[in-house]
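Participant: Here it is: the structure, laid out below.
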Amino acid sequence: THTRWLTKYQDFLADGGEIWFKTDDRPLFEDSLVYFSEAGFEILRCIEDFQPGELPESPPTEHEEMFRSQGMPIYFLAAAWHNGNLLPKGR
């Protein structure tokens with residue numbers, strides 16, 4: 001989710017296109033919040049203990065279930081791209 005990778009999504013995401021990101025890694029999640037903002041994405045939703053069924057459109061993955069069964073929270077963010085936010089290439 002580093003900014004340099006997120007800017008590559010600018011080439012093919014439609015205006016208002018969303019990226020949904022889930023992880024069990026809190027430092028990665030916190031860094032990703034910064035990266036999405038740096039890349040010009042709008043953070044739509046941020047959940048620090050994402051629960052099964054919270055978003056029916058995002059069923060739990062095998063890894064989510066494994067980490068959750070070990071008592072680890074799942075972190076979730078949804079971010080939208082708006083074409084007017086385009087960063088210069090090479091950044």
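Participant: Once Rh is set to the Kirkwood radius over Cα pairs, what Stokes-Einstein translational diffusion coefficient, in µm²/s, holds for the chain at a temperature of 4 °C and a viscosity of 1.567 mPa s?
Facilitator: It comes out at roughly 94 µm²/s.
Participant: Let me ask another. Near Phe36, within a Cβ-to-Cβ distance under 12 Å, what is the net charge of the other residues, with Lys and Arg +1 and Asp and Glu -1?
Facilitator: My count for the surroundings of Phe36 gives -4.
Participant: Taking θ as phi - 60°, what are the ³J(HN,Hα) couplings along region 34-44 by the Karplus curve (6.51, -1.76, 1.60), each to the nearest whole Hz, with x for Gly and Pro?
Facilitator: 5, 4, 4, 5, 4, 7, x, 7, 8, 6, 8
Participant: Then there is this: Taking the dipole about the Cα centre of the chain, with the C-beta of Lys and Arg at +1 and of Asp and Glu at -1, give me whichever of Gly17, His63, Pro73 is farthest to the positive side.
Facilitator: Gly17
Participant: Continuing with the same structure: So what is the 222 nm mean residue ellipticity for the chain from helices alone, if each DSSP H run of at least 4 adds -39500 (n - 2.57) and you divide by all residues, rounding to the nearest 500 deg cm²/dmol?
Facilitator: Numbers: 3 runs with 25 residues, N = 91.
After summing the helix terms and dividing by the residues of the chain, the value is -7500 deg cm²/dmol.
Participant: Which whole-number percentage describes the relative contact order of the chain, with Cα contacts under 8 Å and a sequence gap of 6 or more?
Facilitator: Relative contact order for the chain comes out at 46 percent.
Participant: HN-Hα J couplings of region 6-20 from phi, Karplus 6.51/-1.76/1.60, θ = phi - 60°, integer Hz, Gly and Pro as x?
Facilitator: Listing the rounded values in order: 4, 5, 5, 5, 4, 6, 10, 6, 6, 4, x, x, 10, 10, 10 Hz.
Participant: How are the C-alpha pair distances of region 34-81 spread across 10 Å bins, as whole percents from the shortest bin up?
Facilitator: Values per bin, smallest distances first: 25, 45, 27, 3.
Participant: Right, here's the next one. Amide H of Arg45 versus every other amide H placed in the peptide plane: which residues, excluding those fewer than 5 positions away on the same chain, fall under 5 Å?
Facilitator: Here Ala78 satisfy the definition.
Participant: State, to one decimal in nm, how far the label point of His82 lies from the label point of Asp25, with both points 7 Å from Cα in the Cβ direction.
Facilitator: 3.0 nm
Participant: Oh, and also: Taking the simple approach of a point 7 Å from Cα along Cα-to-Cβ for both Val34 and Asp11, what is their distance in nm?
Facilitator: Distance between label points: 2.7 nm.
Computed from the coordinates by the stated procedures, all read-outs in this text should not be read as laboratory data. Quantities reported herein were computed from a predicted structural model and do not represent experimental measurements. Cβ coordinates were reconstructed from backbone atoms using ideal geometry, including for glycine residues, and neighbour counts include every protein chain displayed.
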